[in-house]
1. Within the range 308-323, identify whether any single residue is modelled with pLDDT of 75 or more, at negative phi and surrounded by fewer than 12 Cβ atoms within 10 Å (Cβ to Cβ), and answer yes or no.
2. Any idea which of Thr476, Thr428 is buried (at least 23 other Cβ atoms within 10 Å of the Cβ) and either under 14 Å from the mean Cα position of the chain (by Cα) or not in a helix (DSSP H, G or I) (or both)?
3. I'd like the full set of residues that are assigned to a helix (DSSP H, G or I) and at pLDDT below 80, limited to the range 161-194.
4. Is it fair to say Val239 is at pLDDT below 60, surrounded by 14 or more Cβ atoms within 10 Å (Cβ to Cβ), β-branched (Val, Ile, Thr) and under 26 Å from Thr198 (Cβ atoms)?
5. What pairs come up if the first residue lies in the range 118-138 and is free of Cβ contacts under 8 Å to residues at least 12 places away in the same chain, the second is of a type in the set (Val, Ile, Thr), and their beta carbons are under 7 Å apart, counting only those six or more places apart or on different chains?
6. Which ones in the range 141-160 are free of Cβ contacts under 8 Å to residues at least 12 places away in the same chain and part of a loop (DSSP other than H, G, I, E, B)?
7. Filtering the range 30-82 down to residues that are of a type in the set (S, T, N, Q) and modelled with pLDDT under 80, which residue is surrounded by the most Cβ atoms within 10 Å (Cβ to Cβ)?
8. Which residue, of Ala160, Ala193, is over 22 Å from the mean Cα position of the chain (by Cα), more than 18 Å from Gly418 (Cα to Cα) and among the small types (Gly, Ala, Ser)?
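The values are calculated or read from the model by the stated rules, or taken from the named source; none is laboratory data. Here the structure is a predicted model, which means the values were calculated and not measured. Virtual Cβ from ideal backbone geometry, glycine too; neighbours counted across all protein chains shown.
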Amino acid sequence: MEHTLTVAFTAADVVSGVSYPTILMFLAIVFGFYMAWNIGANDVANAMATSVGSKALTLRRAVVIAAVLEFAGAYFAGASVSNTIRKGIVDPEIFASEPTLFVCGMLAALLAAGTWLLIASYFGWPVSTTHSIVGAILGFGVAFAGIQAIYWGKVGTIAASWVISPVLSGTISYFIFNLILHKIFHHPRPVEAARRFTPYMVFVVFTILSMVLVMKGLKYRLKGVDFELWQALLIAGFVGVIAAFISGFLVRRVAVDDVDGEIEENSARKLYLARALSRAKKHLGRAQGMSSGPVEDEVKDVLNKVAMLNKSLEQESTAPANPKSSVWKVERIFIYLQVISAGFVAFAHGSNDVANAIGPMAAAWETIKGGIVGAKAPVSGWFLALGGIAIAIGLATWGWRVMKTVGTKITELTPSRGFAAEFGAATTIVIASWLALPISTTHTLVGAVLGVGLARGIGALNLKTVRDVVVSWVVTIPAGAGLAVLFYYMLAGIFA
């Protein structure tokens, strides 16, 4: 429903010869750019963090790839119509008689969400930009009309995504990484196994990631077109088949002449033994806790020896410094897979989440121009371009902090582990689209990294970092709401 009203500005509403509407339009652009910059610094950094953390990409290359693909996703596949009353949090009819306050509220939401993302990025916390803007809109809605203006059931559904997103993506990543270990790394000849198994993985990866683009991005660019599930699956499957044939040809060019069977088998055996000893450490730890006296001392001595041997085997089996290592040759294959998967996720993210910055900006802009308060507002191409540029700059100038947290502080990543995490995140996005589940891209990616870490045992996780990240998730909505209330009263006091 739309309400056509004239924004109540008078001849007195002029500052140094510039009218209030002009000032508000300028602020809409500045605050929208600010929010998009922070999306790049926090959300986009998540998409590339696993590639940087696993050393599949340098930070500079990650920034360049993400900047290009995020901008392309935002501009070419960005939503042409954006819900500015984000996710049905606030009833738009409550602003029918006060379009000026609606504009102030949208600007306050952008400033508040951007400020919270700036704080989170400074501390390296990967938080949800969607939840940030939801909390901000919730805050100014309550400030304007009270708690009865909020759809609390929708808020509860969004809060459920704190659990749904990381659990689903973590579970998928856990099983994918274990499948890779079983099919490739535990094989007597890992490189040969990778050459046979890679085309199948590529098919699944490209099919799923293409589904992400079709269902979450491109359908918004093709006006009036809403892909059915079978249509999206057919398009994605075709892309997957082509990619599998190309990868089958390329992967056979991986040199294996300098790796004889004995070296292959030794490398695989060491990796398998390291994993078995890791499980033995857990059992010995329990035995030590239940024993006492001389027996406890003997168990402790055995545990220390097992721990030292386990660490030594892990270093020998995964060390990338040895170019003849079959494990490293397999990881080289996963470098390309991970870069491709990260690129797809970045494009899909740009096509979908740019609306978190551009939607409120467009709502404020259209309301100022025509005095219309509505549930939807058109998003022009230059809005999307502005958002894409700001996202790229944010990633390049501030994104390294969040990249460091997700890529290195939660668990140690290699290209194969990073690939499993990206795969789990992309699959979760598709599944959630089918089932209409509320998810967060950030929570999905972090959960996927946790899943890969758990596949190696709870000891592979930095639990302090995990705790800090979870707390930041819970705080995001109330933090955005509180800041929005503060900024809303400041702007309303000036312009209303």
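1. Yes, the range 308-323 contains a residue that is modelled with pLDDT of 75 or more, at negative phi and surrounded by fewer than 12 Cβ atoms within 10 Å (Cβ to Cβ).
2. On the way: Thr476 fails: either under 14 Å from the mean Cα position of the chain (by Cα) or not in a helix (DSSP H, G or I) (or both).
Residue meeting the stated conditions: Thr428.
3. Residues of the range 161-194 that are assigned to a helix (DSSP H, G or I), as a first pass: 161-185, 190-194.
Scanning the range 161-194 gives Ser161, Trp162.
4. Numbers: at pLDDT below 60: no; surrounded by 14 or more Cβ atoms within 10 Å (Cβ to Cβ): yes; β-branched (Val, Ile, Thr): yes; under 26 Å from Thr198 (Cβ atoms): yes.
No; evaluated as a whole, the condition is false for this residue.
5. Within 7 Å, no pair qualifies.
6. Step one: filter the range 141-160 for residues free of Cβ contacts under 8 Å to residues at least 12 places away in the same chain, giving 146-148, 152-153, 156.
Correct list: Gly146 only.
7. Filtering first and then ranking leaves Asn46.
8. Details: Ala160 fails: over 22 Å from the mean Cα position of the chain (by Cα).
Unique residue meeting the criteria: Ala193.
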